[in-house]
Amino acid sequence: MGEALTIGQQAELLACQYLQKHKLKLITKNYHCRRGEIDLIMQDKMTLVFIEVRYRKNERFGSALESVNYKKQAKIIITAEHYLLQNTQSYSGYRFDVIAISPTPQADDIIWVKDAFHSN
């Protein structure tokens, strides 16, 4: 038997399945470099999409969306730039999306923010 998934892994799996239902194609999960990690990298038609998945059990310390602050965005952007340097496939462009999942994940408990932030 395999090990049980962590809450974060469950959220990423749920987000991936949700996005695949919306016609995005998975490229890779949990891309790491020295400066950070990107939860999901997917393709939306000819656009490469870097996706941050956030789960919040409650909003006592802010919502899942609010947790993707400027510092977190900067780490994601640097990691995405590293990915782009290592992978030379041709895309028409790229964007940064955020998936926010609430504790009882139903279809309407997943918030997908396309183009949530930009690199310089």
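Here are some notes:
- If R0 is taken as 30 Å, the Cβ-Cβ distance between residue 114 and residue 87 corresponds to a FRET efficiency of 0.90.
- For the pair residue 22 and residue 35 in one chain, pulling the backbone fully straight at 0.36 nm per residue adds 1.7 nm over the alpha carbon distance.
- Set 23/72; 45/71; 21/72; 21/75; 75/114 screened for pairs whose C-alpha atoms are more than 25 Å apart: 23/72; 45/71; 21/72; 21/75
Each value in this text was obtained by applying a stated rule to the coordinates, not by laboratory testing. Quick caveat, the model's predicted, so the values are computed rather than measured. Cβ coordinates were reconstructed from backbone atoms using ideal geometry, including for glycine residues, and neighbour counts include every protein chain displayed.
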